[in-house]
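Trainee: Okay, handing you the structure first.
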Amino acid sequence: MSPLITLARATAGQETVIDWNPVMDAIIQVESEGNARAVKGNSCGAMQITPVLVRDCNRILRSRGSKRRFTLADRFSIDKSRAMFLVIQSYYNPTNNVEHAIRSWNGGQHYDCSSTQRYYDKVRRLIR
């Protein structure tokens, strides 16, 4: 985890629980300034979620035996968008690395640091 960012952590038994709310709040501000109805190309909602991300969340949920599924319309719900963010982080970021979470939200799972630097800096500045 970046030394400039610390998030509240609590240990529940053997599992570490992280409070992703400050990161999600900052991403929402950078992506849409909090507008749940924002649309830019294929990206929609406060967190600017793409159809590919919705499908990936559903694939992850299916692989875990969950009956829960997200729809494209769920991108316009801030609560459901946050839930999708958490599904993605739990699968691709099991170590809860904040820098990885921010950069991958912008550049995908195989992001390039130089391509995501400006986005990372914007989000990091907004984390409280």
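The values are calculated or read from the model by the stated rules, or taken from the named source; none is laboratory data. For clarity, every value in this text was computed on a predicted model and none was experimentally measured. Don't worry about glycine lacking a Cβ; one is built from the backbone with ideal geometry, like all the others, and counts go over all protein chains shown.
Trainee: If only one of SER81, SER63, SER77 is exposed (fewer than 13 other Cβ atoms within 10 Å of the Cβ) and of a type in the set (Ser, Thr, Tyr), which one is it?
Mentor: SER63
Per-residue answers, yes or no, for (1) without any contact (Cβ under 8 Å) to a residue 24 or more places away in the chain; (2) crowded, with 19+ Cβ neighbours inside 10 Å; (3) on the phi < 0 side of the Ramachandran plot:
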position: PRO94; (1), (2), (3): yes, no, yes
position: ARG103; (1), (2), (3): yes, yes, yes
position: GLN117; (1), (2), (3): yes, no, yes
position: TYR120; (1), (2), (3): yes, yes, yes
position: ARG124; (1), (2), (3): no, no, yes
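Residue by residue, here is whether (1) at pLDDT 95 or above; (2) under 17 Å from SER77 (Cβ atoms); (3) under 17 Å from the mean Cα position of the chain (by Cα) holds:
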position	(1), (2), (3)
THR6	no, no, yes
GLU15	no, no, no
VAL23	yes, no, yes
ALA26	yes, no, yes
ASN35	yes, yes, yes
CYS44	yes, yes, yes
THR50	yes, yes, yes
ASP56	yes, no, yes
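Trainee: Are there any helices (runs of 4 or more DSSP H) wholly within the stretch 34-128 with 2 or more residues that are farther than 17 Å from VAL23 by Cβ, and if so which?
Mentor: 51-63, 113-126
Trainee: State yes or no: is GLN89 in contact (Cβ under 8 Å) with a residue 60 or more places away in the chain and farther than 18 Å from SER32 by Cβ?
Mentor: Criteria met by GLN89.
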